[in-house]
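One structure is given below, encoded as structure tokens.
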Amino acid sequence: MKSAALQCNVLSDLVLFSYVGLRHVLVHGSGPEINAWLLRTGHESKFHNGLRVTDAHTMEVVEMVLDGKINKSLVDEINILGGTIVGLCGKDARLLTARPSSESAVLGFVGEVARVDPSVLHSILADGHIPVIASVAADEAGQGYNVNTDTTAGILPAAVGAEKLILLKDVAGILEDRNDPRSLVKEIDIARIRRMMEEGNVAGGMIPKIGRRTSRVIVTSGQDHKVNFG
């Protein structure tokens, strides 16, 4: 989060919830931090339909920032606040197995989720810990992929049988007119989302957040789930 005070308040609430028996999974990204580190290494960020174009160098930076820097800083902060937390990325315990995006020719090492194995999350939650997950995964051959955080945050709750999904964003939400912050849309259905995308009122980073896509994801419980997310 851009505000350290706001981040501290949110993490304090998560610790409080864990004390009263509520179990939750935290999924994080950190686009601004990735942008900053790419600039430090002489590379500019490029995006296509709201997704980061990820070449080999960018993939190395993404993994360093998400799994190394941000994930472990969240672990440190929650530990200080009195919680017990386990930092993971999608590679750990094969939590997420990735496959190349259907637009890999343009996006490079941007991945989609092919398989979820939530076993490690069930164990962590059963022991009263908070799992915090960086949205990085690998394919069957071990190639790393940058998986959109909104995608991961949409798939994991279904895999663990969560009752609720809460998204924390630094934008107001969907706007009827994306140039008018007063035009916030409070309720919407799929047909209206599609119409707004066709009209260009949903663009950039909002596309992977709300754009309706269907992906077949294997959850390793012997079931084949068709998950709608966006």
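Here is how the numbers come out for the structure above:
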{"item": "Förster radius 41 Å - calculated FRET efficiency between V20 and N49, Cβ distance, rounded to 0.05", "result": "0.50"}
{"item": "Share of carbon and sulfur in the accessible heavy-atom surface of region 1-64 [1.4 Å probe, %]", "result": "59"}
{"item": "Size of charge dipole - the chain - debye, nearest 20, with Cβ of Lys, Arg +1 and Asp, Glu -1, no other charges", "result": "340"}
{"item": "Residue-normalised accessible area of region 97-207, expressed per residue, 1.4 Å probe, Å²", "result": "54"}
{"item": "Pairwise label distance in nanometres, E103 with A162, each label 7 Å out on the Cα-Cβ vector", "result": "2.5"}
{"item": "Percentage of interatomic Cα-Cα distances in the chain larger than 31 Å", "result": "22"}
{"item": "Stretch gain in nm, segment I80-S12, where the contour uses 0.36 nm per residue and the Cα spacing is subtracted", "result": "23.5 nm"}
{"item": "Relative packing of 178-189, 135-146, which averages over residues the other C-beta atoms within 10 Å, highest first", "result": "135-146, 178-189"}
{"item": "Region 18-83, dipole about Cα centre (Lys/Arg Cβ +1, Asp/Glu Cβ -1), debye to the nearest 20", "result": "140"}
{"item": "Amide H within-cut-off set for F47, under 5 Å, with H built and near neighbours excluded", "result": "V53"}
{"item": "Antiparallel bridges, percent of DSSP beta bridges restricted to region 52-175 (to nearest 5)", "result": "45"}
{"item": "Highest-first arrangement of 159-165, 76-82, 47-53, 149-155, where packing means the average Cβ count within 10 Å", "result": "149-155, 47-53, 76-82, 159-165"}
{"item": "3J(HN,Hα) from dihedral phi, region 58-68, Karplus parametrisation 6.51/-1.76/1.60, rounded to Hz, x for glycine, proline", "result": "4, 4, 5, 5, 4, 5, 4, 6, 6, 7, x"}
{"item": "Summed side-chain charge close to A138 - residues other than A138 whose Cβ falls under 9 Å, Lys, Arg +1, Asp, Glu -1", "result": "0"}
{"item": "Gyration tensor (alpha-carbon) shape descriptor, region 63-127, a/c threshold 1.5", "result": "oblate"}
{"item": "Region 61-178, relative contact order [Cα under 8 Å, separation at least 6], %", "result": "26"}
{"item": "Environment charge at G82 (Cβ cut-off 14 Å; Lys +1, Arg +1, Asp -1, Glu -1)", "result": "-3"}
{"item": "CD proxy at 222 nm, helix term only [per DSSP H run n ≥ 4: -39500 (n - 2.57); per residue of the chain; nearest 500]", "result": "-10500 deg cm²/dmol"}
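The values are calculated or read from the model by the stated rules, or taken from the named source; none is laboratory data. Given the structure is predicted, the values throughout are model-derived calculations rather than measurements. When we count neighbours, we look across all protein chains shown, and the Cβ atoms used for this are built from the backbone with ideal geometry, even at glycine. Side chains are part of the model used for accessible areas, which takes the heavy atoms of the whole protein and leaves out ligands, DNA and RNA. Shrake-Rupley method; radii C 1.70, N 1.55, O 1.52, S 1.80 Å.
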